[in-house]
Amino acid sequence: MSVPDPVSAGFSPAEEAAWYARLPTMFAAAAALFTSSDGRVLLVKPNYRDHWSLPGGILEHGEPPHEGCRREVEEELGLDIAPGPLLVVGWAGPHGARPRPVVHFVFDGGLLADDAAIRLQEEELDEYRFVEPAVLDDYLPLIISTRVAAALRGRDTGATAYLPWTEP
């Protein structure tokens, strides 16, 4: 069963396609917040960046964010998870070489056991480590550490944070 699109009422298929082609677009990414039993946050070190990050990445065309999170975690860490609740939706406008805004989804990846069988994706990642929340700023750019801090709070409160980023 298809869901009717109110925008298409009265448009020919060609007019509708032309209208959609003119709409603005954006990029999207999804990540997972994993913590250890003692509350440290799992970070990964991409070999193509100067900073650490949460496990995750860019969504594929038409991919729902929770499925992209699951795929990225499996690719990067070798862990097959069902992402938990959405903790953060972050937005950042065009910046530098990125010509479009990007929306970031951070899902709860849960607690990882000390003996979790992490298999690092060597093509993209150099290492992983569990980091105390108090030192996240030493590893992450402010835009990401702000998301991680909000995700940790959201885990405690059950609320999803919306974080538009307007600083360069």
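Note on residue 26 and residue 61: the extension gain reaches 11.5 nm, defined as 0.36 nm multiplied by sequence separation minus the Cα-Cα distance. Taking amide H as placed 1.01 Å from N in the peptide plane, residue 59 has its amide H under 5 Å from the amide H of 28, 29, 30, each at least 5 places away in sequence or on another chain.
Relative to the longest principal axis of the Cα atoms of the chain, the long axis of helix 13-22 lies at roughly 40 degrees. For the chain, the longest principal axis of the alpha carbon atoms and the long axis of helix 142-157 meet at an angle near 80°. With protein chains left intact and a 1.4 Å probe, residues in the chain average 59 Å² of accessible area per residue.
Taking θ as phi - 60° and the Karplus parameters 6.51, -1.76 and 1.60, the scalar couplings of region 102-116 work out to 10, 10, 10, 10, 10, 9, 6, x, x, 8, 9, 5, 4, 9, 4 Hz in sequence order, x denoting glycine and proline.
Rounded if a/c is under 1.5, else prolate if a/b is larger than b/c, else oblate: which is region 22-168, with a ≥ b ≥ c the root eigenvalues of its Cα gyration tensor? Rounded, because the longest to shortest axis ratio a/c is under 1.5.
Take every Cα pair under 8 Å whose residues are at least 6 apart in sequence, average their separation, divide by the length of the chain, and the relative contact order is 28 percent. By the gyration tensor of its Cα atoms, with a ≥ b ≥ c the square roots of the eigenvalues, what is the shape of region 88-168: rounded for a/c under 1.5, prolate for a/b over b/c, or oblate? In terms of gyration-tensor shape, oblate. Rounded to the nearest 20, the Cβ-based charge dipole of region 107-168 about its Cα centre (Lys and Arg +1, Asp and Glu -1) stands at 400 debye. The amide H of residue 163, built 1.01 Å from its N in the peptide plane, has 89, 90, 91 as neighbours under 5 Å, considering only residues 5 or more places off or on other chains.
Full extension of the segment from residue 75 to residue 12, taken as 0.36 nm per residue of separation minus the current Cα-Cα distance, would add 18.5 nm. Here region 1-108 has 59 percent of its accessible surface on carbon and sulfur atoms, given a 1.4 Å probe and all protein chains in place. A crude spin-label estimate for the pair residue 19 and residue 126, with each label 7 Å from Cα along the Cβ direction, gives 5.0 nm. Of all the options 97, 151, 113, the one that moves most in a Gaussian network model of the chain with Cα springs shorter than 10 angstrom is 97.
Shown in residue order for region 64-75 are the 3J(HN,Hα) couplings computed by the Karplus curve 6.51 cos²θ - 1.76 cosθ + 1.60 at θ = phi - 60°: x, x, 5, 6, x, 4, 4, 5, 5, 5, 5, 5 Hz (x for Gly and Pro).
The values are calculated or read from the model by the stated rules, or taken from the named source; none is laboratory data. Computed from a prediction, not measured in an experiment: that's the story for all the values here. Here Cβ is always computed from backbone atoms with ideal geometry, including for glycine, and neighbour counts include all displayed protein chains. Remember, those area values only see protein heavy atoms, side chains included, never the ligands or the DNA or RNA. Shrake-Rupley method; radii C 1.70, N 1.55, O 1.52, S 1.80 Å.
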